[in-house]
Amino acid sequence: MCRAGQLSRSRLRLCAAGHTGSLDTESRGLHSEFVMELLAGYVLPDDAGLCAFDAVSSNVGVRTSLVAARLHYLPSAKDTKSLSHPHAGGGAVRTQALPYANSDAGRHPRFHEVIAALLPLLLGGELLLWIVLVPVGLRGQVDFAMFYTAGYMVRIGQSGQLYNYDVETRYQNQLVSKTPAPYTHLPYEALLFAPISLLPYRVAYWLFLFVNLGLAILALLLMPPTGLGRWALVILASFFPVSAAIADGQDSIILLTIACAAWLLFSKKQESLAGGLLALGLFRFQIVLPMVGLMFLWKRWRFVAGFVPGAALVLAFSGWLAGFGQLQVYGSHILSLSAVAGHETGYSLSTSQSQRMVSLRALFTNILPSGQLAQIITLLASIALLVWVASRGRTLGRKHQFALAIAFSVLVSYHLFVYDLAILLIPMVAALELTRDTQSRAAQAAILIPLLTVPVGILWRPFLLALPLLAFLFAITCAFRMHSEQAGEELVEGGNYAALDGVPS
């Protein structure tokens, strides 16, 4: 138990509510002492704990102070629990009779009503995207073409030529279309598309589209329980990047599914398994590595210890599949693509591509006169954000740390397009959970910002989406921090709050 001086502001406000009589227990036929003992026993069931409870109450100045503090943690007025006590008139008393202090429960549905009102507009935009992009995909002019070609090359034993632009273009023209899209991912991922390359391209496109739809639903099922499955499904259906990834035949939904499984394991304290699983997402290393960097700064050693051997296995398997010399070629292509090395044929970043990217790098590249200056500013801004997020997120619980790491990683990724934002579904669902119990304006903003700004930004100037993504990062950080303070997630030496959800360890 913490001393009175260590009580958070939210608890002290609730203590004041108990002192002024806002917690009217007598009118409900309950003795104040019984309520105090009932709630104290719920938190500190042993005799020693009750003594500590009395001491803290005395220090605050009111015996009913922590009654208010405990009321803050009751799940909801709908949750009931029968307990017997002499002061209860010899019968069972339901905690349903004990309301929240300063409860905003009556206002909770309003935000969900806003989402419901926006749903037709958002789904209408999704429908237009499908109508436009699916025919383009069937013509082979989407990114699925490069995965299909890479899978075919692995299947026929040409994996050693995956990064030979001329050879790859020849196969792509033969199998799909004359729109070259070089394969820019690690070799191990191409093996996933080898079976699907047995089918004609158009059939394979439809098959992968439905596979992605299934993976998107699986991603929701793999998320830690929130009690808001219906609304999480609404967010999934109306989030533009998810539809863009599916219609474009991208692998962003695969990464989303892997990240959701890792999020679930991480939330259940299985950090090593979570880190090892996330290593399978290294085909999008520009998103995964910043997350691991934050975990390192947060001293999540078991997560990092699980990720490192997993990453080593992924690289070793890729080297075995395509040849370790090809990994060096791949590295040179990536440096060229990131504009930090000479421009190689097929792997240079065009002006139109940089304008369609959505990270900080895209923002500075398009608004600053010099590419070199843009790289310097991007690096400095990324380091500043890393320090800020690492500082603000170090006391959060596991569930929120993982979600915050994703919100940070997409912003500082050096190569990011709109379909890559599908992974933001994880922090958005984490924010959605906060709207269930509180009227957190920051959490509400964190949901609405990507939902509303991404479709507009894509139609106008995509690189400017870095600004709302920055606002999203600040909003989600603020929401998680406020929840941490209000729910008492701070580490308390010798205390018994470790049983509360989200306590960092």
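Accessible surface for the range 276-416, divided over its residues, is 43 Å² per residue with a 1.4 Å probe. Averaging 1/r over each pair of different alpha-carbon atoms in the range 104-255 and inverting the result gives 17.1 Å, the Kirkwood hydrodynamic radius. The alpha carbon centroids of the range 409-470 and the range 235-289 are separated by 15 Å. Shown here are the Rg and Dmax of the Cα trace of the range 214-253, at 10.5, 31 Å.
Using only alpha-carbon positions in the range 246-294, the gyration tensor eigenvalues give semi-axes of 20, 13, 7 Å once each is multiplied by 5 and square-rooted (largest first). In the frame of its principal axes, the range 365-424 has Cα extents of 42, 27, 12 Å, reported largest first. Put simply, the amide H of residue 439, placed in the peptide plane, has no neighbours under 5 Å, leaving out anything fewer than 5 places away on its chain. Full extension of the chain between residue 121 and residue 312 yields a length gain of 64.2 nm, computed as 0.36 nm times the residue separation minus the alpha carbon distance.
Sequentially through the range 466-473, phi angles give Karplus couplings (6.51, -1.76, 1.60; θ = phi - 60°) of 4, 5, x, 5, 5, 4, 4, 4 Hz, Gly and Pro residues having no value and appearing as x.
In the range 371-475, the ratio of gyration radius to Kirkwood radius, Rg to Rh, stands at 0.97 when only Cα atoms are counted. Of 263, 231, 130, the order by accessible heavy-atom surface (1.4 Å probe, DNA, RNA and ligands excluded), from most exposed downward, is 130, 231, 263. Relative contact order of the range 415-476: 34 percent, from C-alpha pairs under 8 Å at least 6 residues apart in sequence. The length gained by stretching the chain between residue 394 and residue 174 to full extension, at 0.36 nm per residue less their Cα-Cα distance, is 74.0 nm. Looking only at the range 149-174, which residues have a backbone nitrogen under 19 Å from a spot 7 Å from the Cα of residue 203 in the C-beta direction? Taking a point 7 Å out along Cα→Cβ of residue 203, the residues of the range 149-174 whose backbone N falls under 19 Å are 149-153, 155-156, 174.
Cα-based values for the range 206-304, radius of gyration first and Dmax second, are 14.1, 43 Å.
The values are calculated or read from the model by the stated rules, or taken from the named source; none is laboratory data. This structure is a prediction, so every number in the text was calculated from the model and none was measured. Cβ: placed from backbone, ideal geometry, glycine included. Neighbour counts: every protein chain shown. With ligands, DNA and RNA removed, areas are computed over all heavy atoms of the protein, side chains included. Shrake-Rupley method; radii C 1.70, N 1.55, O 1.52, S 1.80 Å.
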